[in-house]
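Before any comments, here is the structure.
The values are calculated or read from the model by the stated rules, or taken from the named source; none is laboratory data. Predicted model, so just to flag it, every value in this text is computed and none were measured. Here the Cβ positions follow ideal geometry from the backbone for every residue, glycine too, while neighbour counts run over all protein chains shown.
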Amino acid sequence: MRPRVASVTTATYPELRLTQHASGGGCACKVPPGELERVLGGLPTSTHPDLIVGIENGDDAAAVRIDGTRAVIATADFFTPVVDDPYDFGRIAATNALSDVYAMGGTPIVAVNLLAWPRDRIPFDVAAEVLRGGAAVCEAAGTVLGGGHSVDDPEPKYGQAVTGIADADRLLRNDAGRAWLPLTLTKPLGLGVLNNRHKATGERFEEAIAVMTTLNRDASLAALAAGVQAATDVTGFGLLGHLYKLARASGVSAVVDSAAVPYVAGARESFAAGYVPGGSRRNLEWVRPHLRADVDDDELVLLADAQTSGGLLVVGELPGHPVIGELVPAEEWTVRVR
């Protein structure tokens with residue numbers, strides 16, 4: 001990635017805080033999972049013979065076979081500002097959008113920008129900084145960024161629609177988990193809590209920004225090299241939400257060792273101080289009917305914390321990353337936390 005150059009935006013608008021122009025922030029502003037599933041459940045599903053992965057299990061992206069063993073992966077992701085710095089917001093949003101392709105074992109080939117901007121309230125050269133951040137991430141990923149779409153909107157939003165390619169017979173899917181395989185998490189949790197604190201106080205958390213702007217490319221390649229078949233990324237529905245979806249789709253149950261789950265520095269302290277996204281609590285309430293827990297609710301909310309540009313949850317073991325649990329044969333509960 002190119003070194004960042006001096007920005008006219010930070011010099012011209014030193015008091016601008018992007019997070020104050022949006023009611024939510026990042027993946028924490030997703031539609032609640034239960035509500036989303038009710039809406040999607042009423043839609044017809046495609047019966048096209050080349051559709052490999054559609055909306056049935058809420059996987060990370062769509063996958064369509066195009067010839068032989070090649071598949072196209074298509075996804076789109078955008079959200080309101082999770083940090084105040086426009087360049088970092090662009091980097092985080094682009095990293096998050098590319099993640100859906102990596103989460104399915106693909107290589108992102110081309111991306112287009114998705115930009116919504118309140119032109120009457122935030123100067124448009126600030127939007128240019130957001131776009132520059134997104135372009136820097138695509139350059140680092142080797143992904144072509146070409147064009148996009150913009151609209152005038154009361155709240156700023158940015159993301160990308162991304163198209164990738166993959167081996168159709170080696171996709172990482174959320175319905176391919178098997179009992180007695182370990183669960184590996186490739187990024188620490190706590191991003192939602194720290195982003196919530198940043199929105200409230202303006203404090204900057206460098207480790208959180210570094211985590212959110214780290215591509216999941218290497219983790220995806222390592223999973224493919226290890227013969228992994230099942231994975232998902234951990235974003236707005238939190239670890240518990242995405243794990244529940246994976247276990248349910250795979251017809252198994254999952255056990256999480258809460259003591260093995262890593263967190264970004266300052267996340268627990270910020271949680272104790274009351275900085276918790278509403279989306280994190282909604283995630284827990286969605287999973288709770290399918291949950292058995294040997295830990296208190298504070299721990300569960302942290303495990304359900306709505307992440308932005310989080311890591312991969314891999315069904316298998318990846319060197320250098322912590323094993324946080326395992327899949328087991330189906331029980332009366334879908335996820336157990338101990």
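Laid out as a table, the results:
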read-out: Flag if Lys199 is in the same structural domain as Ala62 (by TED's automatic domain parsing) and over 27 Å from Pro329 (Cα atoms); value: no
read-out: Candidate set from segment 259-276 (those that are assigned to a helix (DSSP H, G or I) and touching a residue at least 60 places away in the same chain (Cβ under 8 Å)); member that is surrounded by the fewest Cβ atoms within 10 Å (Cβ to Cβ); value: Ala260
read-out: Failed item, numbered, when Arg282 is tested on (1) buried (at least 20 other Cβ atoms within 10 Å of the Cβ); (2) basic (Lys, Arg); (3) under 23 Å from Phe205 (Cα atoms); value: (3)
read-out: Counted residues, segment 151-171 - those being within 19 Å of Gly236 (Cα to Cα) and hydrophobic (A, V, I, L, M, F, W, C); value: 2
read-out: Those residues of segment 242-260 which are of a type in the set (Val, Ile, Thr) and in contact with an Asp or Glu (Cβ under 6 Å, 6 or more places away or on another chain), in sequence order; value: Val255
read-out: Filter result for Ala230 (surrounded by fewer than 23 Cβ atoms within 10 Å (Cβ to Cβ) and farther than 30 Å from Ala200 by Cα); value: no
read-out: Residue in segment 55-111 that is surrounded by the fewest Cβ atoms within 10 Å (Cβ to Cβ), counting only those that are part of a loop (DSSP other than H, G, I, E, B) and β-branched (Val, Ile, Thr); value: Thr69
read-out: Residues located in segment 136-160, provided they are under 19 Å from Ala210 (Cβ atoms) and surrounded by 15 or more Cβ atoms within 10 Å (Cβ to Cβ); value: Ala136, Val137, Cys138, Ala140, Ala141
read-out: Odd one out for Thr69 among (1) under 22 Å from Ala225 (Cβ atoms); (2) at pLDDT 95 or above; value: (2)
read-out: Residue satisfying condition, being of a type in the set (Ser, Thr, Tyr), over 16 Å from the mean Cα position of the chain (by Cα) and not assigned by TED's automatic domain parsing to the domain that holds Leu194, within set Thr69, Thr75, Thr95, Thr80; value: Thr69
read-out: Number of the exception - Leu172 against (1) closer than 23 Å to Ala225 by Cβ; (2) surrounded by fewer than 24 Cβ atoms within 10 Å (Cβ to Cβ); value: (2)
read-out: Filtered residues of segment 298-317 (kept if surrounded by fewer than 23 Cβ atoms within 10 Å (Cβ to Cβ) and on the phi > 0 side of the Ramachandran plot); value: Gly316
